Amino acid sequence: MGLVPTTSPTVIAGVIAVVGSLALAGEVGGVSGRGKMTEGGGVEINEFLGRKLARRFQTFDFDGDGRLDRSDFEGSAMRVADEFGHSVDSPARQRFLQLSLGLWEHLVSVADADRDGTIDLDEYKQAFANGLLETEASFDQGYRPFLDALMAVVDTDGNGVLDVDEYVGWTGALMRLPESDAREIHRRLDTDGDGFVTVQELLQAIHDFYFDDNPDGVGSWLLGPLPD
């Protein structure tokens, strides 16, 4: 069995902050999706941002019980690995699981206000309002390790891009996105129309989901339709 690649605390912290807190700070002064900075350095959650956070919460909530706990992050990571045929001793599987559980440990440490070992939507939103945020400038550095770990699991043919079937497979396994939504998201993210989504296209869409004010932009469709 191969050793799990070690990941420095700095990199894990960057991944956790961007993936978990959804990277909504830094230059967020404004309206629409990004919200306004408060005097205390947090973020004012407006209606559009609130819908985005609610949608992200839904995709974290793997078992759909309305609360986040460790099993949501463990179960979703293992399901992705299973979906793409990775055995329990696969280094790619182990690294992806490691990052997913690291994300959970960070989230519960900062967002679990009542210390019951779970996070509800109000706690999740409050963590953002309290300043659990990452700067736009560090987005790439924080998110790329997670995307690299994901690609190592789901890029089955090793060509460095995702076709529509790979995209449907990982989003369904990790976030339970409906196939119809996943196919539409893949179409929108495939900005050059070549039938594939590159890491850069995915990274840009993730960035725009958090930093772009345009509700009709590609990034706003990253997780499918937002809740009302």
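The values are calculated or read from the model by the stated rules, or taken from the named source; none is laboratory data. Keep in mind that this is a model prediction, so the values were computed, not measured. Note that each Cβ is placed from the backbone with ideal geometry, even for glycine, and that neighbours are counted across all protein chains shown.
If you scan the range 79-93, which residues turn out to be more than 16 Å from D155 (Cα to Cα) and in contact with a helix residue (DSSP H, G or I) (Cβ under 9 Å, 6 or more places away or on another chain)?
Taking the range 79-93 and keeping what is more than 16 Å from D155 (Cα to Cα), we get 88-89.
V88, the sole residue that qualifies.
Name the residue that is modelled with the highest pLDDT, counting only residues in the range 116-146 that are aliphatic (A, V, I, L, M) and assigned to a helix (DSSP H, G or I).
As a first pass, look at the range 116-146 and keep what is aliphatic (A, V, I, L, M): 119, 121, 127, 129, 132-133, 137.
If we keep only those that are assigned to a helix (DSSP H, G or I) as well, we get 121, 127, 129, 137.
Details: L121: 96, A127: 86, A129: 78, A137: 61.
In this case the residue turns out to be L121.
Would you tally the residues in the range 147-172 being assigned to a helix (DSSP H, G or I), over 15 Å from the mean Cα position of the chain (by Cα) and either closer than 16 Å to V80 by Cβ or modelled with pLDDT under 95 (or both)?
Keep residues of the range 147-172 that are assigned to a helix (DSSP H, G or I), which gives 147-154, 164-172.
Okay, now just the ones that are also over 15 Å from the mean Cα position of the chain (by Cα), so 152-154, 164-166, 168-169.
The next check asks that each one be either closer than 16 Å to V80 by Cβ or modelled with pLDDT under 95 (or both); those that pass are 152-154, 165-166, 168-169.
Summing the residues that are assigned to a helix (DSSP H, G or I), over 15 Å from the mean Cα position of the chain (by Cα) and either closer than 16 Å to V80 by Cβ or modelled with pLDDT under 95 (or both) in the range 147-172 gives 7.
Show the residue pairs that are 6+ apart or on different chains and have beta-carbon atoms under 6 Å apart, the first residue being within the range 55-69 and of a type in the set (D, E), the second being surrounded by fewer than 20 Cβ atoms within 10 Å (Cβ to Cβ).
Here the result reads D69/T118, each pair linking the range 55-69 to a residue that is surrounded by fewer than 20 Cβ atoms within 10 Å (Cβ to Cβ).
Being within 22 Å of F57 (Cα to Cα) and of a type in the set (V, I, T) is true for just one of T171, T156, T191. Which residue is that? Reasoning before the result, please.
Details: T156 fails: within 22 Å of F57 (Cα to Cα); T191 fails: within 22 Å of F57 (Cα to Cα).
Residue meeting the stated conditions: T171.
Matching residues to (1) assigned to a helix (DSSP H, G or I); (2) free of Cβ contacts under 8 Å to residues at least 60 places away in the same chain; (3) out of contact with any Cys (no Cβ under 9 Å at 6 or more places or on another chain); (4) loosely packed, with under 15 Cβ neighbours inside 10 Å:
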site: S71; (1), (2), (3), (4): yes, yes, yes, yes
site: H86; (1), (2), (3), (4): no, no, yes, no
site: Q98; (1), (2), (3), (4): yes, no, yes, no
site: G102; (1), (2), (3), (4): yes, no, yes, no
site: S109; (1), (2), (3), (4): yes, yes, yes, yes
site: D114; (1), (2), (3), (4): no, yes, yes, yes
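Just give me the residues in the range 73-84 being without any contact (Cβ under 8 Å) to a residue 60 or more places away in the chain and under 14 Å from the mean Cα position of the chain (by Cα), in sequence order. Quick ask: steps written out before the conclusion?
As a first pass, look at the range 73-84 and keep what is without any contact (Cβ under 8 Å) to a residue 60 or more places away in the chain: 73-75, 78.
Hit for the range 73-84 is F73, nothing else.
Would a scan of the range 173-184 turn up a residue that is of a type in the set (K, R) and within 24 Å of Q98 (Cβ to Cβ)? Lay out the reasoning, then the answer.
Keep residues of the range 173-184 that are of a type in the set (K, R), which gives 176, 183.
Narrowing further to those that are within 24 Å of Q98 (Cβ to Cβ): 176.
Yes.
Based on what the data block shows, is D165 free of Cβ contacts under 8 Å to residues at least 60 places away in the same chain and farther than 24 Å from G50 by Cβ? Explain how you work it out, then say what you get.
Values: free of Cβ contacts under 8 Å to residues at least 60 places away in the same chain: yes; farther than 24 Å from G50 by Cβ: yes.
In short, yes.
Take the residues in the range 186-200 that are part of a helix (DSSP H, G or I) and touching a strand residue (DSSP E or B) at 6+ places or on another chain (Cβ under 9 Å); name whichever of them is modelled with the lowest pLDDT.
Residues of the range 186-200 part of a helix (DSSP H, G or I): 186-189, 199-200.
Next, only the ones that are touching a strand residue (DSSP E or B) at 6+ places or on another chain (Cβ under 9 Å) stay: 186, 189, 199.
Working: H186: 97, L189: 95, V199: 91.
Applying the filter and picking the extreme gives V199.
If you check S220, S180, which single one turns out to be surrounded by fewer than 16 Cβ atoms within 10 Å (Cβ to Cβ) and in a helix (DSSP H, G or I)?
Details: S220 fails: surrounded by fewer than 16 Cβ atoms within 10 Å (Cβ to Cβ).
Answer to the check: S180.
I'm told G66 meets every condition in (1) surrounded by 16 or more Cβ atoms within 10 Å (Cβ to Cβ); (2) under 27 Å from D228 (Cα atoms) except one. Can you identify the failing condition by its number?
(1)
Kindly check whether there is at least one residue in the range 2-13 that is more than 18 Å from L121 (Cβ to Cβ) and either modelled with pLDDT of 95 or more or buried (at least 19 other Cβ atoms within 10 Å of the Cβ) (or both). Full working, then the answer.
The first filter runs over the range 2-13 and keeps only residues more than 18 Å from L121 (Cβ to Cβ), leaving 2-13.
Okay, now just the ones that are also either modelled with pLDDT of 95 or more or buried (at least 19 other Cβ atoms within 10 Å of the Cβ) (or both), so 12.
Yes, some residue in the range 2-13 is more than 18 Å from L121 (Cβ to Cβ) and either modelled with pLDDT of 95 or more or buried (at least 19 other Cβ atoms within 10 Å of the Cβ) (or both).
Among the candidates L177, L223, single out the residue that is closer than 15 Å to L53 by Cβ and under 18 Å from the mean Cα position of the chain (by Cα).
On the way: L177 fails: closer than 15 Å to L53 by Cβ.
Answer to the check: L223.
Have a look at I119, I185, I206 and point out the one that is touching a Leu at 6+ places or on another chain (Cβ under 6 Å), surrounded by 15 or more Cβ atoms within 10 Å (Cβ to Cβ) and in contact (Cβ under 8 Å) with a residue 24 or more places away in the chain.
Details: I185 fails: touching a Leu at 6+ places or on another chain (Cβ under 6 Å); I206 fails: touching a Leu at 6+ places or on another chain (Cβ under 6 Å).
None of the other options fit; the residue is I119.
Please count how many residues of the range 164-177 are of a type in the set (D, E) and surrounded by 20 or more Cβ atoms within 10 Å (Cβ to Cβ). Don't jump to the end; show me each part of the working.
Our first condition is that a residue be of a type in the set (D, E); within the range 164-177, this holds for 165-166.
Remaining after also requiring surrounded by 20 or more Cβ atoms within 10 Å (Cβ to Cβ): 166.
The number of residues fulfilling the criteria is 1.
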